[in-house]
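Below: one structure in structure tokens.
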Amino acid sequence: MAQIPSDPSSEAGLSLRLPPGTDPAIASSLKRGMEELLAVVVALPQFEAQILGRADEIASVFTGLVAPTAPLIEERIRRQKAMQEVLSRGDWFTAEQINALQTAPRANKAHPASDWKRRGRIFGVTVNRKEYFAGYQFDALFQPLPVIREILEALGPVADSWKIAAWFHFPNGWIIGRGKHEGEPISPRDALDRRDEVIDAARHVHGGYVA
């Protein structure tokens, strides 16, 4: 096993055994990191609260944590604003509420929503560790609209389900309004009865939080 060598010029040395397979070439950088860590630790007063208060500083020594860049912060701000706007319109239901709205509710209150989601028939978003499902995905009997599955298939894999919610919510240039909204882009959620148009719009998605 590779080892982090101690400094022979110091009065006290520390030798650490590295995990099997560790590249010996990185031993010196690890040694520097350990020295910085120890400098932080030994300078701390021996009180648990103060040690915990410096935990982030200690962790940053190992991770090389740096301040987030401006573009990253701006992206998170856009995401939060999109989430707030999406949630402000329409009804959102928990799995338990969807279960209660079924003609024959199941004993497991996570069903049928969890099963529908797993099979790609609906999507959900998470708020404060709780999952919610948009009401426009369901018919009068609270069954998934068939077009939702087709739209999700056309959108393809999306890591952040809030992007799916934003796509449904914001006006989309590929779907044009009729009647008093003639010529205006409308939201996919308001055009679910126009199957071919919304599926075609889903195939042109650009992956952002605003369509």
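The values are calculated or read from the model by the stated rules, or taken from the named source; none is laboratory data. Given the structure is predicted, the values throughout are model-derived calculations rather than measurements. In this analysis, Cβ positions are derived from the backbone assuming ideal geometry, glycine residues included, and neighbour counts consider all displayed protein chains.
Taking Ala104, is it loosely packed, with under 13 Cβ neighbours inside 10 Å, modelled with pLDDT of 70 or more, under 30 Å from Phe168 (Cα atoms) and among the small types (Gly, Ala, Ser)?
Working: loosely packed, with under 13 Cβ neighbours inside 10 Å: yes; modelled with pLDDT of 70 or more: yes; under 30 Å from Phe168 (Cα atoms): yes; among the small types (Gly, Ala, Ser): yes.
Spelling it out, Ala104 is indeed loosely packed, with under 13 Cβ neighbours inside 10 Å, modelled with pLDDT of 70 or more, under 30 Å from Phe168 (Cα atoms) and among the small types (Gly, Ala, Ser).
Sticking with this one: Considering each residue of the range 168-205, count those that are closer than 18 Å to Leu87 by Cα and in a loop (DSSP other than H, G, I, E, B), and give that number.
3
What is the residue count in the range 93-120 for residues that are closer than 11 Å to Phe142 by Cβ and either in contact with a Leu (Cβ under 6 Å, 6 or more places away or on another chain) or not in a loop (DSSP other than H, G, I, E, B) (or both)?
Looking only at that region, the number is 7.
Exactly one condition in (1) modelled with pLDDT under 95; (2) closer than 22 Å to Gln80 by Cα; (3) in a helix (DSSP H, G or I) is not met by Tyr209; state its number.
The number of the failed condition is (3).
Could I ask something else about it? Looking only at the range 189-200, which residues are surrounded by 13 or more Cβ atoms within 10 Å (Cβ to Cβ) and over 10 Å from Leu155 (Cβ atoms)?
Step one: list which residues in the range 189-200 are surrounded by 13 or more Cβ atoms within 10 Å (Cβ to Cβ), which gives 189-192, 194-195, 197-200.
Answer for the range 189-200, where residues must be surrounded by 13 or more Cβ atoms within 10 Å (Cβ to Cβ) and over 10 Å from Leu155 (Cβ atoms): Arg189, Asp190, Ala191, Leu192, Arg194, Arg195, Glu197, Val198, Asp200.
Additional query: Have a look at Phe133, Phe123 and point out the one that is part of a loop (DSSP other than H, G, I, E, B) and at negative phi.
Phe123
Do you know which of the residues in the range 82-92 that are small (Gly, Ala, Ser) and assigned to a helix (DSSP H, G or I) is surrounded by the fewest Cβ atoms within 10 Å (Cβ to Cβ)?
If we take residues in the range 82-92 being small (Gly, Ala, Ser) and assigned to a helix (DSSP H, G or I), then Ser88 is surrounded by the fewest Cβ atoms within 10 Å (Cβ to Cβ).
I've got another one for you. Pull up the range 124-142, narrow it to residues that are in contact with a Lys or Arg (Cβ under 9 Å, 6 or more places away or on another chain) and surrounded by fewer than 20 Cβ atoms within 10 Å (Cβ to Cβ), then point me to the one that is nearest to Glu96 (Cα to Cα).
Glu131
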